[in-house]
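Contents: one structure, followed by commentary.
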Amino acid sequence: MRRFVVAAAVAKAAVVIVAVATDPCGPLRRSWREAFRPVRTSARSLIIGAGEGSAGSRTLIQWIANATFRPTTVGHWLRTYPPQSTAGPAYRRAVRAIAALRPQDHASFDYTVFDHATAVGAILDTPVPQFFPYIFQSYPNARVILAVRNASDWVRRRREVHKVRAVRPFAVLDKPLLTAAGRWNPSRLRPDAIGDVLAYEAHNLLVRCLV
């Protein structure tokens, strides 16, 4: 593994090396575990699709729902696959509850609400990526799948498919998800909008570090 230098600025033009880290994600994982203590944890080995939408979600749905090792019902936004799953109503209630959260309520919410939809063994797409750190820490036995694509292609795809409803990565940190979805309009962005490319890559890196 490449070695990373951790440095701290001690003056306007001076930097001092304080440590050499072989695991650059270690401090992030420790900080998050100390900062967020779940209201409740679940022992379920839930499959969490941590990747943003428009990065192969539908392919993942088909693979997970029909996987020979463990076929299961998949929750994707407000739908379940197969559609006739009896877990549909409970799953949709869980998704709506998370989507309605205000930033000040993030830490006190019980993210094991997906346990009410016992037939749903995998969850993908909004609001899962946006709340991944909370959900993952509430399901310590979870298995995580991170589907990615070229960041510029991802921004372009969001612009084409989700005209006004897509949620920019990290937008829920300071506003409710449903409000954030109405304020970020990818159709008005350049396909190579650098801020959104950076946000997408930062999300994927965060997932890798936490897992």
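Things to note:
- Heavy atoms of ASP153: accessible area, 1.4 Å probe, square angstrom to 10: 60
- Cut-off under 5 Å, modelled amide H: who pairs with VAL144 long-range: ILE48
- Counting Lys and Arg as +1 and Asp and Glu as -1 over every other residue whose Cβ lies under 14 Å from the Cβ of SER31, the net charge comes to +2.
- Assuming charge only on the beta carbon of Lys and Arg (+1) and of Asp and Glu (-1), the dipole of segment 83-152 about its Cα centre is about 160 debye to the nearest 20.
- Under the Karplus curve 6.51 cos²θ - 1.76 cosθ + 1.60, θ = phi - 60°, whole-Hz ³J(HN,Hα) for segment 122-129, x wherever Gly or Pro sits: 8, 10, 9, 6, 3, x, 5, x
- Nearest-10 value in Å² for the accessible area of ARG168, using the 1.4 Å probe: 80
- Computed as a quarter of the hull surface, the mean projected area of the alpha carbon convex hull for segment 61-105 stands at 3.8 nm².
The values are calculated or read from the model by the stated rules, or taken from the named source; none is laboratory data. All values reported here derive from a predicted model rather than from experimental measurement. Glycine gets a Cβ as well: all are built from the backbone with ideal geometry, and neighbour counts include every protein chain shown. Remember, those area values only see protein heavy atoms, side chains included, never the ligands or the DNA or RNA. Shrake-Rupley method; radii C 1.70, N 1.55, O 1.52, S 1.80 Å.
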